[in-house]
Amino acid sequence: MRFSLLAIFLLLPPATAADKPNVLMIVGDDWGWTDFGFMGHPDIQTPHLDRLAKEGALFPNGYTPTSLCRASLASILTGQFAHQHRICCNDPPEGVARDAMLPFIKESPALPRLLQAAGYESFQTGKFWEGHHTNGGFTAGMTTKGRHGEEGLSIGRKTLDPIFEFVDKASKPWFVWYAPMMPHQPHDPPERLAKKYAKAGRDPRLAKYMAMCEWTDETVGVVLAGLDKRGLRKNLLILFVVDNGWVQSVGPPAKGDQFATRSKNTAYDAGVRTPMIVHWPGTTNAGKYADLTSTVDLAPTVLSAVGAQVPKTMSGVSLLDVASGKGPLKRDAVFGEIYVHTAVKLEDPRANLTHRWVREGDWKLIVPLKNEAKPELFNLKDDPHEKKNLAAEKPIEAKRLAKRIEDDWK
């Protein structure tokens, strides 16, 4: 007896909730792109993330479009650039209430809201700047008000119990947002780790930051061990990323010195570059992938994994195929934009814009829009820490990349 393909398809059982992966999104905070064992740091130890990077798909050339906490997190959640979701600052203009910024996340294609429509429960912990967790579509969460994440900031530093309490009660496939404010300041690691990294000749502030990196990795290990104990690792999609980079200032603390290091809230790689890991047993192909990736790719990746449609308003693309070894991304460049810390105008992203940038292959161009500063062109293969500006030596290359930025912005 012969069956048509349609008949065979109709005989197959429909996909069930058990077939859909649970999803864990791990978001580091203020963490330099070089400061991991799997990225080759000679001193900082991150064994749990090292294992994820070894067993999963590692993208060392990952980027956040905007190296400022709130805007960056919004891009992870929405798959959009800041000029699209309109969250282009950490704080509103003086005299404007924070609540005035909340409609932006409510009107966005926020991942938890789309997952809820796909039959998922979701849980917010840690960093979330957008008021009550339901504003982002989370079905449950720790944050109900305020800046940074308020109640949610106890996750990691003080407790991990809320995550386990959530997964133990979940009756549907789930999405957990684990975004501890770590290794973000205050750098107050456990004494055992502080002593481990304190060495003669090493600045005490740097030693504490390094200890914070390992402490953050330890919390990841505790979360994964707890899920493993519950038998929840077999069909678990794990994604790891950092909101923005960090270069630890040394010497006596000075007001604002975090912005004097060419890292956080700058367009340099020390600010916008972040390794990304995609780990899903039985699906992802272990290896290191050179593709240029962006944090706007994470939401489409999750949606593709759970069988949900990716909205056309998202700028990112799913990383699942390349992470499964099916070939490189059809992309040769990633783009970004830098905004002021405190908004000039909430409703006008351009008013808050300070820089645009692009990386194409090994070339990186930064175009400043304020103070008559000149563009900076770097060859990251020869100059990974962007010490030599080649814009004057390579004017044709600089002009070509500047046009790419302008065309992309339009």
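We did not get these values from a lab; they are worked out from the coordinates using the rules stated. Computed from a predicted model, the values in this text were never measured in an experiment. Note that each Cβ is placed from the backbone with ideal geometry, even for glycine, and that neighbours are counted across all protein chains shown.
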Q. Between LYS388 and VAL250, 0.36 nm times their residue separation minus their Cα-Cα distance comes to what?
A. 47.4 nm
Q: Report, in cubic angstrom per residue, the convex hull volume of the C-alpha atoms of the chain.
A: 161 Å³
Q | For region 283-356, alpha-carbon Rg over 2.2 N^0.38 Å | A | 1.39
Q: Compute the label zone of LYS288 within region 49-88: residues whose backbone N is under 18 Å from the point 7 Å along Cα-to-Cβ.
A: 49-63
Q: Over 27 Å between C-alpha atoms is what I'm after, so list which of LYS255/LYS387; LYS54/LYS169; LYS172/LYS326; LYS288/LYS330 land there.
A: LYS54/LYS169; LYS172/LYS326
Q: Determine the principal axes of the Cα atoms in region 148-272, then give the extent along each, sorted from largest to smallest and rounded to whole angstroms.
A: 51, 34, 26
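Multiply the residue gap between ASP203 and SER324 by 0.36 nm, knock off their C-alpha separation, and tell me the result in nm, one decimal place.
Here the answer is 39.4 nm.
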**Q.** the chain, relative contact order [Cα under 8 Å, separation at least 6], %
**A.** 24 percent
Q. Rounded to the nearest 500 deg cm²/dmol, what is the calculated helix-only ellipticity per residue at 222 nm for the chain, with -39500 (n - 2.57) per DSSP H run of length n ≥ 4?
A. -8000 deg cm²/dmol
Q) How much length is gained on full extension from LEU380 to ASP408, taking 0.36 nm per residue of separation minus their Cα-Cα distance? A) 7.9 nm
Q.
With the crude spin-label approximation of a point 7 Å out along Cα→Cβ, what separation in nm comes out for THR144 versus ARG350?
A. 4.2 nm
Q | Long pairs among LYS127/LYS364; LYS106/LYS145; LYS364/LYS403, criterion Cα-Cα beyond 19 Å | A | LYS127/LYS364
Q) Which translational diffusion coefficient, to the nearest whole µm²/s, is obtained for region 259-410 from the Stokes-Einstein equation, given a Kirkwood hydrodynamic radius over C-alpha pairs, 10 °C and 1.306 mPa s? A) 93 µm²/s
Q) Based on the Cβ-Cβ distance from ASP228 to SER171, what FRET efficiency comes out when R0 is 25 Å, to the nearest 0.05? A) 0.75
Q) So what is the relative contact order for region 302-379, in percent, with contacts set as C-alpha pairs under 8 Å and at least six apart? A) 18 percent
Q | Theoretical FRET efficiency, 1/(1+(r/R0)^6), r = Cβ-Cβ of LYS54 and LYS399, R0 51 Å, to 0.05 | A | 0.80
